[in-house]
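S.K.: Encoded as structure tokens, here's the structure I'll be asking about.
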Amino acid sequence: MKIVIVGGVAGGASAAARLRRLDEHAEIILFEKGQHISYANCGLPYYVSRTIKKQEDLLVQTPKSFNGRFCIDIRTMNEVIRINREYKRVEVYNHVTKETYFETYDKLILSPGARAVKPSSVQGLDNEGVFTLRDVPDIMEIDNWILENEPEHATIAGGGAAGIELAENLIMRGLKVTLVGSAIIKAVDKEMSKIAEKELKKNGVELLLNRYITSVQKNAANLVVHTTDGDVQTGMLIVCAGVVPNSKLAAEAGLKLGVRDCIAINDKMETSDPDIYAVGDVTESTEFITREKKHISLAGPANRQGRIVANQIMGIDSRYKGTQSSFVIKVFDIAVASTGITEITAKDLGIDYDKVYMHAGAHAGYYPGAKPLTSKIIFERTTGRVLGGQFVGAEGADKRCDVLATAIRAGLTATDLMDLELCYAPPFNSAKDPLNMAGFIIENIMTGMVNNFHWENLNSVSHKEGTLLDVRTKQEAEKNHVSKFINIPLHELRIRINEIPPGKPVYVHCFSGLRSYVACRLLKAHGFECYNLSGGIFMYSTINS
């Protein structure tokens with residue numbers, strides 16, 4: 001069998017390695033139009049700060065090492081420019097010799113990835129000093145510009161993973177940084193990303209959110225970045241506005257395209273031609289929760305898809321079961337992690353959902369150094385199906401997200417989280433992990449033990465319709481008072497319960513939602529209709545600060 005692979009990195013290189021492990025005698029040719037077949041795409045921003053010290057540390061495999069281990073015909077600087085499906089051959093342009101030649105195939109795997117977007121609506125992005133970030137040559141251009149021009153200031157357009165990571169590493173490099181975009185970290189909901197915004201500002205990143213770049217001009221010393229609300233003088237601009245699939249080759253070959261011009265595939269990674277497969281960022285994915293088709297650009301799924309396509313070619317019936325968009329990003333001293341769908345997505349799809357928040361230490365509070373971890377779990381109200389989760393904190397965000405991602409993949413319900421037996425020792429966790437606590441809270445909601453209301457409802461709650469009750473200590477309430485809420489500390493509530501008017505609902509809050517839950521149980525036992533502010537005043541203060 002002769003297998004031709006177009007593109008390396010996560011999908012193509014994984015497919016090539018798996019193919020060789022399955023068949024020692026197959027002829028495998030991997031074409032890569034650039035110099036590198038396998039590099040640490042997600043590690044690129046960390047080279048700017050020299051957290052990753054050497055360029056070669058970014059290279060997972062070199063053509064020489066990959067060929068030595070797997071005996072695969074690696075052809076870098078060779079670009080596949082055309083596919084002839086009738087004759088099962090590809091046309092290749094050699095960027096070194098400037099010659100064109102043909103290569104036949106029995107099976108063809110397309111892994112050309114995606115390219116960084118430079119919005120055509122923005123004039124001036126072709127100016128010197130404007131960059132995108134997608135591969136090793138991109139990061140070397142950015143690094144060389146800093147070395148040669150010594151800019152004091154950099155502007156980043158876009159608040160996704162690449163933009164956030166670049167902001168941090170440019171700050172570490174000694175530059176001042178402005179980030180311009182509609183929002184940051186859209187993989188989580190705004191109240192969770194707000195915590196990350198504060199971390200960025202604390203570390204010196206200027207955030208210009210809810211605005212867009214309209215044009216870029218070059219003057220004698222700097223770039224002038226014009227936005228929808230003012231201008232920014234800067235020494236360089238890095239556009240991190242997302243990616244689009246490199247599907248032109250497939251489209252010209254008549255292969256079916258799907259959402260956002262991605263290559264349409266089935267769960268075997270087959271395209272509309274049964275002898276051609278596609279993997280990675282060029283393909284559309286089936287979102288695991290909603291089963292919608294989306295363009296999801298992540299390294300983990302691309303690696304799994306490479307393995308699956310190799311299995312299929314070699315007669316092993318592997319299937320791709322969907323992408324749930326598990327995601328984590330370092331933001332200076334905290335991490336932001338998510339899996340599944342956001343609340344915004346659940347709302348847009350008309351899903352009958354609810355949510356719970358937790359704000360507690362990442363490990364036992366009595367053990368020194370416990371740092372706060374904020375969690376949000378979204379679930380289907382009627383079935384308890386877990387729809388997604390988001391975690392932000394200096395410790396433990398990735399751990400809880402990984403556990404929840406596994407629970408979602410395994411089909412566990414939100415109340416099943418109560419029964420997860422997770423590691424406990426004071427330096428690492430509490431006896432009741434935050435995910436166990438989420439399960440307890442959701443069980444209380446689903447069984448009617450407690451009713452929740454949320455931070456976005458707080459301003460609309462009227463003291464004329466019900467009693468607004470703050471059960472924090474007197475000192476806490478004086479420090480951070482919420483208008484129209486009366487303060488009766490939880491430990492005084494039983495003896496002062498006659499101060500609460502009967503016959504009206506009671507809306508209760510504390511700092512995190514725990515004391516207010518206890519208060520709601522007490523009040524309900526005395527005949528009151530009661531609502532607990534999920535996530536407490538912490539979530540409300542976060543979004544309104």
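The values are calculated or read from the model by the stated rules, or taken from the named source; none is laboratory data. As the structure is a prediction and not an experimental result, all values here were calculated from the model. Quick reminder, even Gly has a Cβ in these numbers, built from the backbone with ideal geometry, and neighbours come from all protein chains shown. Ligands, DNA and RNA are stripped out before the accessible areas are found, and what is left, the full protein with its side chains, is counted by its heavy atoms. Shrake-Rupley method; radii C 1.70, N 1.55, O 1.52, S 1.80 Å.
S.K.: Residue farthest toward the positive end of the dipole of the chain, with Cβ of Lys/Arg at +1 and Asp/Glu at -1: which of VAL403, GLY43, PRO301?
M.R.: Farthest along the dipole direction, towards plus: VAL403.
S.K.: So what's the gap between the Cα centers of the range 482-512 and the range 416-454, to the nearest angstrom?
M.R.: 25
S.K.: So, for the range 21-128, what is the accessible surface per residue at a probe of 1.4 Å, expressed in square angstrom?
M.R.: 57
S.K.: Treat every Asp and Glu Cβ in the range 403-503 as -1 and every Lys and Arg Cβ as +1, leave all other atoms uncharged, and give the resulting dipole magnitude about the Cα centre to the nearest 20 debye.
M.R.: Roughly 300 debye for the range 403-503.
S.K.: Moving on. Quick one: accessible surface of PHE440, probe radius 1.4 Å, all protein chains present, in square angstrom to the nearest 10.
M.R.: For PHE440, the solvent-accessible surface is approximately 70 Å².
S.K.: Once Rh is set to the Kirkwood radius over Cα pairs, what Stokes-Einstein translational diffusion coefficient, in µm²/s, holds for the range 290-405 at a temperature of 37 °C and a viscosity of 0.692 mPa s?
M.R.: Using the Kirkwood radius from Cα pairs, D works out to 204 µm²/s.
S.K.: As a test of reading the structure, rank ARG472, ARG18 by solvent-accessible area (1.4 Å probe, protein chains only), most first.
M.R.: Correct descending sequence by accessible area is ARG18, ARG472.
S.K.: Also, quick follow-up: Which of the cysteines found in the chain have nothing to pair with, since no other Cys Cβ lies under 4.7 Å from theirs?
M.R.: Those would be CYS42, CYS71, CYS240, CYS262, CYS401, CYS423, CYS510, since no other cysteine Cβ in the chain comes under 4.7 Å of theirs.
S.K.: Order of 154-167, 525-538, 207-220 by packing, highest average Cβ count within 10 Å first?
M.R.: 154-167, 525-538, 207-220
S.K.: Under unit Cβ charges (Lys, Arg +1; Asp, Glu -1), what dipole magnitude, rounded to 20 debye, does the chain have relative to its Cα centre?
M.R.: Computed about the Cα centre, the dipole is about 860 debye.
S.K.: Projecting each Cα onto the charge dipole of the chain (Lys/Arg +1, Asp/Glu -1 at the beta carbon, about the Cα centre), which of ALA161, GLY235, TYR87 comes out farthest on the positive side?
M.R.: Most positive-ward Cα: ALA161.
S.K.: Would you kindly give the portion of the calculated P(r) for the chain that falls above 34 Å, as a percent of all Cα pairs?
M.R.: Result: 48 percent of Cα pairs exceed 34 Å.
S.K.: Now a separate question. When only the heavy atoms of the protein chains count and the probe is 1.4 Å, how do ARG521, ARG134, ARG400, ARG494 rank by accessible area, highest first?
M.R.: From most accessible down to least: ARG494, ARG521, ARG134, ARG400.
S.K.: Same structure again: Looking at the calculated P(r) for the range 223-377, what percent of the C-alpha pair distances fall above 26 Å?
M.R.: Every Cα pair in the range 223-377 considered, those over 26 Å come to 50 percent.
S.K.: With a 10 Å radius around each residue's Cβ, average the other Cβ atoms per peptide and rank 295-306, 457-468, highest first.
M.R.: Ranking, from highest mean packing down: 295-306, 457-468.
S.K.: How are the C-alpha pair distances of the range 1-147 spread across 5 Å bins, as whole percents from the shortest bin up?
M.R.: 2, 9, 17, 18, 18, 15, 11, 7, 4, 1, 0
S.K.: Right, something else. Treating the beta-carbon of each Lys and Arg as +1 and of each Asp and Glu as -1, no other charges, what is the dipole magnitude of the range 248-385 about its Cα centre, to the nearest 20 debye?
M.R.: 400
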